[in-house]
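> One structure coming up, written as C-alpha cells, with questions to follow.
Taken together, the values in this text are just the output of simple stated rules run on the coordinates, not laboratory data. Because the structure is predicted, anything quoted here is derived from the model rather than measured. Heads up, the Cβs are rebuilt from the backbone with ideal geometry, glycines too, and the neighbour counts pull from every protein chain shown.
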Amino acid sequence: MMKIPGPPPLDGLRRRISRYRQEKPSGGRGDFVRETFCLSRPEARAKAREWFDEFPKAAYWTEVESWRQVDGDRIEFTMRRLPSAD
C-alpha cells in the first residue's frame, strides 16, 4: 500500500503572515474606517442615513457594524466603511 503524505509544512506561510502584520500595524482592526456614536434614537437614525448618503454602501461597504440601546432612548452604534472607493 501507498503511504498517505502528511500536511505540508506551514513555516513559510507563518513567516509571511508575521512579516505582513509587522509591516502593516493596524491593530487587528482591518482596513475599515470606524466611528462610534451615542445619540438619541432619532439622531442615531439621521447620523446613519448621513453616512449612507455620503458613503454609498455599494462603493464603500458602509454598514452599521454594531449597536445597542443604552440609558433611556439612546443608541450607541459603530459605523464602518472603506477608506476610499477605489
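> Can you compute 3J(HN,Hα) from phi for each residue in the range 10-18, using the Karplus curve 6.51 cos²θ - 1.76 cosθ + 1.60 with θ = phi - 60°, rounded to whole Hz and x for Gly and Pro?
For the range 10-18, the Karplus curve yields 10, 4, x, 5, 4, 5, 5, 5, 4 Hz.
> Between K3 and W61, with labels modelled 7 Å along Cα→Cβ, what's the label distance in nm to one decimal, could you check?
If labels sit at K3 and W61, their model points lie 4.4 nm apart.
> May I pose another question? Output needed: percent of Cα pairs per 10 Å distance bin for the chain, bins running from 0 to the one holding the longest distance.
15, 29, 22, 16, 11, 6, 2, 0
> Within 10 Å, count the other beta carbons around each residue, average over each peptide in 60-70, 10-20, and list them highest first. Intermediate values should be presented prior to the final figure.
Working: 60-70: 14.1, 10-20: 9.6.
With the highest mean Cβ count within 10 Å placed first, the list reads 60-70, 10-20.
> Moving on. Report ³J(HN,Hα) in whole Hz for each residue of the range 78-83, in order, from the Karplus equation J = 6.51 cos²θ - 1.76 cosθ + 1.60 where θ = phi - 60°; Gly and Pro get x.
So the Karplus estimates, Gly and Pro as x, are 10, 9, 9, 7, 6, x Hz.
> Work out the FRET efficiency for A46 and D71 from their Cβ-Cβ distance, taking R0 = 22 Å, and round it to the nearest 0.05.
Details: r = 20 Å, r/R0 = 0.89.
Efficiency at R0 = 22 Å is approximately 0.65.
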